[in-house]
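Asks: A single structure is presented below for examination.
The values are calculated or read from the model by the stated rules, or taken from the named source; none is laboratory data. Fair warning: this is a prediction, and the values are worked out from it, not measured in the lab. Neighbour counts run over all protein chains shown; Cβ positions are idealised from the backbone, glycine included.
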Amino acid sequence: MADQDAQSTVGFEPPALSVLRWDEPPEGPVLVLLDQTRLPAEEVELVCTDVPALVRAIQTLAVRGAPLLGIAGGYGVALAAARGYDVAEAAGLLERARPTAVNLGYGVRRVAAAHREAVGKGAGDEAAAAVALAAARELHREDAQASGRMAEYGEALLEELMPGRGYQLLTHCNTGALVSGGEGTAFAVALRVHRGGRLHRLWVDETRPLLQGARLTAYEAARNGLAYSLLTDNAAGSLFAAGEVDAVLIGADRIAADGSVANKVGSYPLAVLAKYHHVPFIVVAPTTTVDLETADGTSIIVEQRSGREVTELTSWQGVAAGGGGGRAVAPLGAPAYNPAFDVTPPELITAIVTEEGAVSPVTGAGLAELCARSSQVTIS
């Protein structure tokens with residue numbers, strides 16, 4: 001019955017989520033974010049009046065997801081300029097807010113460079129701030145366009161790999177409109193397949209310990225009328241064994257020059273399972289996520305988060321802020337290993353899909369060639 005209900009919604013498109021927006025009330029410019037720590041129970045906006053507030057929002061995961069972090073970082077620089085703060089200092093605070101997501105630094109450096117160039121050409125404070133805001137808005141627009149092209153290329157790749165059929169797709173973490181200027185990365189591919197009537201089922205990993213799959217991807221799937229089922233991360237193996245997964249689609253927070261992919265922890269085990277069961281494992285990410293200056297997976301800095309996210313159950317607001325105040329699920333003082341990401345080597349990846357096309361097989365040379373075609377310019 002769920003599949004029939006989902007098919008009836010193929011032509012329906014819900015209103016776009018307002019995930020991040022610039023606003024200019026009488027009190028001065030602000031950056032307004034959809035607070036993702038409050039989802040799915042509440043859709044509440046968080047207003048950032050300065051860069052320290054935005055840094056807190058980034059670190060507590062109120063705003064998250066590699067592409068959106070780049071956009072937020074860009075607007076953060078524009079906010080500092082518009083409010084008359086030290087732009088270079090603000091850029092440094094933003095860039096250090098989370099170490100693994102390469103898009104954050106990219107967005108910050110790009111807008112800071114535009115502001116710096118305007119100042120160097122003699123622009124006053126107000127004019128230079130306007131240049132920074134225009135650069136942030138351009139970054140936002142480009143990411144939205146990239147999202148649409150990734151969805152097209154991803155759907156075409158699925159058709160090439162498995163022609164003339166519908167798909168059961170497995171995804172991990174959250175890769176939809178909540179992480180993007182558009183409809184997302186990996187989730188955007190699933191959404192496009194759904195709209196074409198060829199998505200039989202979206203399997204959603206809950207994504208422990210912060211449950212981005214359960215709280216956010218399931219929220220987006222339900223909102224868009226997809227036929228989906230939620231599973232615990234450790235149930236994925238049984239799905240593969242039963243032949244219930246046709247392809248795995250994930251996003252990325254950083255892609256090294258050799259094609260190694262850092263993504264939400266739990267992605268690497270899925271790649272191993274997919275390889276063993278001969279299931280395509282596909283990474284969908286914009287070229288801004290590719291870091292050609294990071295040689296390989298061992299060079300990627302993996303963020304380590306508070307162990308209390310593992311040892312306690314609490315409200316999502318508390319968990320995102322580092323835990324505390326919840327019910328203990330481990331002995332008091334139990335040490336915990338809590339990396340935010342893991343790294344999947346290129347030999348386990350079927351393809352990397354970007355707005356410039358797909359790389360398959362995944363090699364450093366192929367990735368470099370694809371990035372060379374991109375309109376994105378590396379900002380150092």
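Asks: Out of the residues in the range 1-39 that are among the β-branched types (V, I, T) and at pLDDT 75 or above, state the one that is farthest from A62 (Cα to Cα).
Replies: The selected residue is V30.
Asks: Something else: Scan the range 341-348 and give yes if some residue there is in a loop (DSSP other than H, G, I, E, B), at pLDDT 95 or above and within 20 Å of D253 (Cβ to Cβ), otherwise no.
Replies: yes
Asks: Considering only the range 162-171, I want to know if a residue exists there that is under 18 Å from the mean Cα position of the chain (by Cα), within 21 Å of S229 (Cβ to Cβ), modelled with pLDDT of 95 or more and among the hydroxyl-bearing types (S, T, Y).
Replies: Scanning the range 162-171 turns up at least one residue that is under 18 Å from the mean Cα position of the chain (by Cα), within 21 Å of S229 (Cβ to Cβ), modelled with pLDDT of 95 or more and among the hydroxyl-bearing types (S, T, Y).
Asks: Additional query: If I ask for residues that are in contact with a helix residue (DSSP H, G or I) (Cβ under 8 Å, 6 or more places away or on another chain) and either without any contact (Cβ under 8 Å) to a residue 60 or more places away in the chain or basic (K, R) (or both), which ones from the range 241-255 would you list?
Replies: Answer for the range 241-255, where residues must be in contact with a helix residue (DSSP H, G or I) (Cβ under 8 Å, 6 or more places away or on another chain) and either without any contact (Cβ under 8 Å) to a residue 60 or more places away in the chain or basic (K, R) (or both): just R254.
Asks: Check A128 against each of (1) assigned by TED's automatic domain parsing to the domain that holds A214; (2) surrounded by fewer than 23 Cβ atoms within 10 Å (Cβ to Cβ); (3) touching a Lys or Arg at 6+ places or on another chain (Cβ under 9 Å); (4) of a type in the set (A, V, I, L, M, F, W, C) and name the one condition it does not meet.
Replies: Answer for A128: the failing condition is (1).
Asks: Out of all the residues in the range 357-380, which are modelled with pLDDT of 95 or more, buried (at least 17 other Cβ atoms within 10 Å of the Cβ) and either part of a loop (DSSP other than H, G, I, E, B) or among the basic types (K, R) (or both)?
Replies: S360, V362, listed by residue number.
Asks: A follow-up question, please. Would you check if A351 is modelled with pLDDT of 95 or more, of a type in the set (A, V, I, L, M) and more than 24 Å from Y167 (Cα to Cα)?
Replies: Taking the combined requirement at face value, the residue does not satisfy it.
Asks: Here's a check for you: in the range 71-92, which residue that is surrounded by fewer than 18 Cβ atoms within 10 Å (Cβ to Cβ) and touching a residue at least 24 places away in the same chain (Cβ under 8 Å) is nearest to the chain's Cα centre (by Cα)?
Replies: Ranking the qualifying residues of the range 71-92, first place goes to A88.
Asks: Mind checking which pairs have a first residue in the range 115-136 that is farther than 23 Å from I71 by Cβ and a second that is among the small types (G, A, S), Cβ under 7 Å, 6 or more apart or different chains?
Replies: Here the result reads D125/G84, each pair linking the range 115-136 to a residue that is among the small types (G, A, S).
Asks: Would you check which residues across the range 246-263 are touching a His at 6+ places or on another chain (Cβ under 9 Å) and surrounded by 24 or more Cβ atoms within 10 Å (Cβ to Cβ) and list them?
Replies: V248, L249, I250, G251, N263
Asks: In addition: In contact with a Cys (Cβ under 6 Å, 6 or more places away or on another chain), assigned to a helix (DSSP H, G or I) and either surrounded by fewer than 24 Cβ atoms within 10 Å (Cβ to Cβ) or assigned by TED's automatic domain parsing to the domain that holds V32 (or both), is that true of L68?
Replies: no
Asks: Go over the candidates S229, S299, S238 one by one and state the one that is free of Cβ contacts under 8 Å to residues at least 12 places away in the same chain and surrounded by fewer than 24 Cβ atoms within 10 Å (Cβ to Cβ).
Replies: So the residue among S229, S299, S238 that is free of Cβ contacts under 8 Å to residues at least 12 places away in the same chain and surrounded by fewer than 24 Cβ atoms within 10 Å (Cβ to Cβ) is S238.
Asks: Within the range 123-143, identify whether any single residue is assigned to a loop (DSSP other than H, G, I, E, B), more than 27 Å from F281 (Cβ to Cβ) and at pLDDT 95 or above, and answer yes or no.
Replies: Looking through the range 123-143, at least one residue is assigned to a loop (DSSP other than H, G, I, E, B), more than 27 Å from F281 (Cβ to Cβ) and at pLDDT 95 or above.
Asks: Considering the range 313-335 alone, what residues qualify as being at pLDDT 90 or above and either of a type in the set (K, R) or in contact with a strand residue (DSSP E or B) (Cβ under 6 Å, 6 or more places away or on another chain) (or both)?
Replies: Answer for the range 313-335, where residues must be at pLDDT 90 or above and either of a type in the set (K, R) or in contact with a strand residue (DSSP E or B) (Cβ under 6 Å, 6 or more places away or on another chain) (or both): A328, V329.
Asks: Of the residues L158, L216, L210, which single one is surrounded by 20 or more Cβ atoms within 10 Å (Cβ to Cβ) and either more than 30 Å from L31 (Cβ to Cβ) or among the acidic types (D, E) (or both)?
Replies: Within the list L158, L216, L210, the selection yields L158.
Asks: What do you reckon, is A190 among the hydrophobic types (A, V, I, L, M, F, W, C), in a helix (DSSP H, G or I) and out of contact with any Phe, Trp or Tyr (no Cβ under 9 Å at 6 or more places or on another chain)? Spell out the reasoning first.
Replies: On the way: among the hydrophobic types (A, V, I, L, M, F, W, C): yes; in a helix (DSSP H, G or I): yes; out of contact with any Phe, Trp or Tyr (no Cβ under 9 Å at 6 or more places or on another chain): no.
No.
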